[in-house]
Amino acid sequence: MSKHIKRLASPVTWKQPRKMFPWSVRSRAGPHPLMESVPLMVVVRDILKFADTSKEARNIISRGKVEVDGRVVKDYQRPVGFMDVLSVKEAGITKRVLMDRKGILVLADLPQQEAGWKLVKVTGKSMAKGGKIQISTHDGRVILTTEKGIRRGDTLKISIPDQKIQEIYPMAKETSVYVTGGAHRGTITTIKDINVSRSYQENTVESNDNFTTTMSNIFVLGKSKGEISIPGGA
């Protein structure tokens, strides 16, 4: 697969000028889908503006200056996506990847007390050997646990990089959520009701802000209030 992609064809999630150069780097297959992530090189060059060229950005990354979710990443094509924690310790910068109302991935300042954990959405659940539960998450993780009450759609608060579960936030009424898709993406709201479909159609969620969206567009942020700091509401 090509390492490059035409800028005009790049996903709308990328915050980069589209007419300056005809080509950009393509995300490698990884923890986030192409259309829901941005390559680390684009983050360093076009969002953080630590470099003027792709060569300079690749040099910064290859020297181990950038961490994602508590681990040094040297792959400039590594996809960075929603809720990832990005750190550049030499610059004193720690950011959380969020999404604005246009669907563009943005970096929000992260308080130091939040730098050691992240939120992940449960996307799958199955039985594993030894009676353990295998949990799949939105950022490509596989977590083994004995917690049987975790359901698809719930959010886990995990430590990084060792991904130990600290809290479980269920998809339920009156919980704080982040809308990640649809017409209201980038909105922070509260679940008013959950409509369970009796057919093949996906379950839907009614918000306290008088709109309805599918459950796949909902990311639980906490219980009665969100657990993460979001400057200006994202």
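Among Met215, Met41, sorting on how many other beta-carbon atoms sit within 10 Å of each Cβ, with the fewest leading, yields Met215, Met41.
A crude spin-label estimate for the pair Thr214 and Tyr200, with each label 7 Å from Cα along the Cβ direction, gives 1.3 nm. Rounded to 0.05, the FRET efficiency of the Asp52 and Glu114 pair, given R0 = 45 Å and the Cβ-Cβ distance, is 0.90. Centroid-to-centroid, using Cα positions, segment 174-188 and segment 22-89 are 25 Å apart. Each principal axis of the Cα atoms in segment 90-155 has its own extent, and those three values, largest first, are 44, 30, 17 angstrom.
Here the label points at Arg151 and Asp75, each 7 Å from Cα along the C-beta direction, are separated by 3.4 nm in the simple model.
Arranged from fewest to most other beta-carbon atoms within 10 Å of their beta carbon, Ile47, Ile61 become Ile47, Ile61. Placing unit charges on the Cβ atoms of the charged side chains and taking the dipole of segment 26-132 about its Cα centre, the candidate lying farthest along the positive direction among Leu40, Val122, Ser87 is Val122.
For the options Ser54, Ser126, Ser207, a Gaussian network treatment of the chain with springs between C-alpha atoms closer than 10 Å singles out Ser126 as fluctuating the most.
Counting only residues at least eight positions apart within a chain, or on another chain, the aspartates and glutamates with an alpha carbon under 15 Å from that of Lys65 are Glu56, Asp75, Glu90.
No value in this document is a laboratory result; all are computed from the given coordinates. On a predicted model such as this, the values are computed, not experimentally measured, just so you know. Cβ coordinates were reconstructed from backbone atoms using ideal geometry, including for glycine residues, and neighbour counts include every protein chain displayed.
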